[in-house]
Amino acid sequence: MCKFPPLFALLWAAFFSCWSHADVTPQDEISLTIESSHLKRTMRADIYLPKDYHLDADFIRYPVIYTLDTWTLADMVVGVTRHLGTTASMPKSIVVAVHTDDGVAISPQLYKSQSGLPGAPEDKTFWGEDAEQFHGYLEQELLPQVDKKVRSNDFRLLIGMSPTAAFAADSLVKNLDLFDGHFLFAAASVIGMGYDPKSSLIDSLIEQLAKRPEHKGYLYVASATTDASEAPTQPDTLKTLTARLAQFPHYQVRAEQIDNFGHYPMASQALLSALDLVFPRQDFDIGLNFNAMRANTEAGPMLEQIDSYYAYLSKQLGFKIWPNADIPRNSDSLRAAAMMLRQAERYEEALALGQRWVQLQPKSAKALAALATTYQAAGQLDQAKRLLTKAIPLAKGNNDPLLAHYQQMAQQLGMASDAP
């Protein structure tokens, strides 16, 4: 059995106690400009990539969350989803901030109808001129360009707020398949609006779902409780939405009022609830699950348990979900699990997890060096040297702050410190 030399053990402890991520991400935001033939003007969107996108293997693809209100939604959605994705609480996702210039201009032509807003049902509410053209831009120009530019998968969410929530609802009614889920913030009155004074968007959605009762999707609708002072029927509208859509069991709906936040701030609370609808906390917030898997040796090798769990999550959503490779100060990642298995001298399992980490992040010097350490602990020194020979050039090319650690690891194995 091979034991760590004292210096090597010290270096490795320092290596894994580093708070900052070792590998440098070249770019995490892309600006996309499109000369839209539908809108007859230049349109812009900002694409925000998840953490470690550039380290992840090319076969890893991500769901995409589209936000329509850049000024009030984009920064919040990017920050929250990056945090949840990085801490293994939802799949890592791409966020696209769609610049709409004027949210009212892209809202569909709707009547107050059953919205509960002051005035008569036949009074006009949003009456945008660009709604149809914006649909064309979104479906035929923006989405294809995003899919071409980044490693997206087919799972998409659309978020709108107030007037742009009306556009998102209109998009849902007109094309059930374009997005898998729709988050409508500040929209309790919006769903009561209609294409004519005698019907509502709820009626129109049910008409479409009745044609396809097996359709699977997600709809979240919420407004601030204080908004009901202008439209007292909002609570009843939300209850009506939930009750009437219950006939479609494959279509998941959550409608609620948000307390203690106003018309725009309510989005911060609503976003967490909406994400929980699609990525339920009891399934996706897997805190300490890896520790339980490691302890449950009767259930089989740890990697098999991890693969089985993530296969379950993937089936729930309909796209492949991978475990997080490396989370700082968190046991629910391949890095930490492999390290703890190695410390327990369960080398075969530790090697399997380390190899999976390298498979998922082949450009990560940290992953290669970690696997080298496990090989050394297992007494397979030639394999350890081979991996460090790959890790050091990668670290140099990435300006990796842990380069010196990798070089000292090489010295401990009798290699030149500047290997290869």
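The values are calculated or read from the model by the stated rules, or taken from the named source; none is laboratory data. As the structure is a computational prediction, the values presented were derived from the model and not from experiment. Don't worry about glycine lacking a Cβ; one is built from the backbone with ideal geometry, like all the others, and counts go over all protein chains shown. Protein only, heavy atoms only, side chains kept; ligands, DNA and RNA dropped before computing areas. Shrake-Rupley method; radii C 1.70, N 1.55, O 1.52, S 1.80 Å.
Computed values, structure above
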{"item": "Which numbered condition Leu178 fails, given (1) surrounded by fewer than 17 Cβ atoms within 10 Å (Cβ to Cβ); (2) in contact (Cβ under 8 Å) with a residue 12 or more places away in the chain; (3) farther than 24 Å from Ser273 by Cβ", "result": "(3)"}
{"item": "Scan of the stretch 240-255 for residues that are part of a helix (DSSP H, G or I), buried (at least 17 other Cβ atoms within 10 Å of the Cβ) and hydroxyl-bearing (Ser, Thr, Tyr), ordered by number", "result": "Thr240"}
{"item": "Selected residue [modelled with pLDDT under 95, within 21 Å of the chain's Cα centre (by Cα) and not hydroxyl-bearing (Ser, Thr, Tyr)] from Arg254, Arg281", "result": "Arg281"}
{"item": "Candidate set from the stretch 56-75 (those that are open to solvent by 10 Å² or more (accessible area, probe 1.4 Å) and over 15 Å from the mean Cα position of the chain (by Cα)); member that is nearest to Ser171 (Cα to Cα)", "result": "Asp69"}
{"item": "Odd one out for Thr237, checked against (1) free of Cβ contacts under 8 Å to residues at least 60 places away in the same chain; (2) more than 24 Å from the chain's Cα centre (by Cα); (3) not in a loop (DSSP other than H, G, I, E, B)", "result": "(1)"}
{"item": "Selection status of Gln407, open to solvent by 40 Å² or more (accessible area, probe 1.4 Å), over 13 Å from Leu368 (Cβ atoms) and not basic (Lys, Arg)", "result": "yes"}
{"item": "Residue, farthest from the chain's Cα centre (by Cα), within the stretch 129-158, restricted to residues that are more than 15 Å from Asp177 (Cα to Cα) and small (Gly, Ala, Ser)", "result": "Ala131"}
{"item": "Complete set of residues in the stretch 76-114 that are open to solvent by less than 10 Å² (accessible area, probe 1.4 Å) and under 12 Å from Ala166 (Cα atoms)", "result": "Ile106, Ser107, Pro108, Leu110"}
{"item": "Answer residue from the stretch 211-234, given it is of a type outside the set (Gly, Ala, Ser) and assigned to a helix (DSSP H, G or I) and is nearest to Asp177 (Cα to Cα) among those", "result": "Lys211"}
{"item": "Within the stretch 31-57, tally of residues that are touching a helix residue (DSSP H, G or I) at 6+ places or on another chain (Cβ under 6 Å) and outside any strand (DSSP E or B)", "result": "5"}
{"item": "Residue, farthest from Thr72 (Cα to Cα), within the stretch 200-237, restricted to residues that are of a type in the set (Ser, Thr, Tyr) and open to solvent by 20 Å² or more (accessible area, probe 1.4 Å)", "result": "Thr233"}
{"item": "Leading residue by the ranking (farthest from Ala186 (Cα to Cα)) among those in the stretch 256-292 that are open to solvent by 20 Å² or more (accessible area, probe 1.4 Å), of a type in the set (A, V, I, L, M, F, W, C) and part of a helix (DSSP H, G or I)", "result": "Ala292"}
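Residues checked against (1) open to solvent by 20 Å² or more (accessible area, probe 1.4 Å); (2) in contact with a Ser or Thr (Cβ under 8 Å, 6 or more places away or on another chain); (3) modelled with pLDDT under 95:
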site	(1), (2), (3)
Ile321	no, yes, no
Asp326	no, yes, yes
Asn330	yes, yes, yes
Arg342	no, yes, no
Glu345	yes, no, no
Glu348	yes, no, no
Ala352	yes, no, no
Gln355	yes, no, no
Gln359	yes, no, no
